[in-house]
Amino acid sequence: MRLAKKKIIVTGGGSGFGAAMSRLFVKEGAQVLVADLNGAAAEKVAREIGPGALPFTADVADGKQVKAMVEKAVSAFGDLDGVVNNAGYTHKNMPMLDVDEASFDRVYDVNVKSIYWAAQAAVPVFRKRGGGVFLNIASTAGIRPRPGLSWYNGSKAAAIILTRSMAVELAPDKIRVNALCPVMGATGMLESFMGMPDTPQNRAKFVGTIPLGRLAEAEDIAKAAIYFLADESDFITGVCMPVDGGRTI
């Protein structure tokens, strides 16, 4: 098992990419704290997974809740090997000047400030134990932006540069920091990304921009994530890897 005895937090674990990562991580031997703003969703995923998963309700934009999340993982599992900053938020696809301030703030609180809070809470734990792993779920939006998502695009570009900067700064502490950059997937945010109803015709317009001819599946992200949390990647840090079917080429 590639993640045997690993103790991992997955934020946004109640659905989509996060739920798929939580399931696969446990299958590969890890214990996972399934954290989500939607506590009922986190509980459902953890219950479906079984004894290797534990649910936790947290808003990743709130520093106190993130600290409690990390403390819960350490107390429940006895250790913490990795944190996957997966929880995300987007404004609807629309002209940039039409996005209200509250939506802008929420996008940056969830997509960017959450990384700050995770670092504040987990870095001391990692330093004490002699190392650890952060995996930030960024987006192809931070590499090759789509029109109508300007503020979201900027938040994911921030996640990418934060990944690289954190990797350099935390390397002396044996803390690795990497990111995945998924292309659009069939998650709960799909219609917001598209800015139009999710019909076969509208979806085809977006699929047509992906060389491998389909949207990302949650399992695609989960399979890529395993590598960065496993010991086999112990010399890999600062990498922001597209999982995009060729979208960013």
Quiz item: What Kirkwood radius, in Å to one decimal, follows from the Cα pairs of the stretch 143-238?
Solution: 15.3 Å
Quiz item: To the nearest 0.05, how large is the calculated FRET efficiency for Val168 and Thr248 if R₀ is 22 Å and r is the Cβ-Cβ distance?
Solution: 0.45
Quiz item: Counting only complete DSSP H runs, which helices of the chain cover 18 Å or more along their long axis at the Cα atoms and score a mean Kyte-Doolittle of -0.5 or above?
Solution: 63-77, 114-129, 150-170
Quiz item: Cβ under 10 Å from Lys6's Cβ, Lys6 left aside: what net charge do those residues give with Lys, Arg +1 and Asp, Glu -1?
Solution: -1
Quiz item: Counting only pairs 8 or more places apart or on different chains, how many lysine pairs in the stretch 1-126 have C-alpha atoms closer than 26 Å?
Solution: 26
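Excluding His91 itself, what net charge comes from residues whose Cβ is under 12 Å from its Cβ, given Lys and Arg +1 and Asp and Glu -1?
Here the charged neighbours net out to -2.
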Quiz item: Taking R0 as 22 Å, what's the FRET efficiency between Glu101 and Asn38 from their Cβ-Cβ distance, rounded to 0.05?
Solution: 0.35
Practice problem: Let me know the shape class of the stretch 1-89, please: from the alpha-carbon gyration tensor, a ≥ b ≥ c as square roots of the eigenvalues, rounded when a/c is under 1.5, otherwise prolate if a/b is greater than b/c, or oblate. | Solution: oblate
Quiz item: Given springs between every Cα pair under 10 Å in a Gaussian network model of the chain, which of Thr163, Thr209, Thr57 has the largest fluctuation?
Solution: Thr209
Exercise. Note down the relative contact order for the stretch 84-198 as a percent, whole number, built from C-alpha pairs under 8 angstrom at least six residues apart.
Key: 35 percent
Practice problem: Please report the relative contact order for the chain, taking Cα pairs under 8 Å with a sequence separation of at least 6, and give it as a percent rounded to a whole number. | Solution: 20 percent
Exercise. Report the net charge of residues surrounding Val239, where surrounding means a beta-carbon distance below 15 angstrom and charges are Lys +1, Arg +1, Asp -1, Glu -1.
Key: -1
Quiz item: Given the Cα-Cα distance of Asp234 and Tyr116 and 0.36 nm per residue of separation, how much length would full extension add, in nm?
Solution: 40.2 nm
Quiz item: Out of the stretch 1-36, which trypsin sites (Lys or Arg not before Pro) are coil in DSSP terms and have no more than 14 other C-beta atoms within 10 Å?
Solution: Lys5
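Every number here is computed from the coordinates shown, using simple stated rules; none is lab data. None of these values were measured; they are calculated from a predicted model. So basically every Cβ, Gly included, is an ideal-geometry build from the backbone, and we count neighbours across all protein chains shown.
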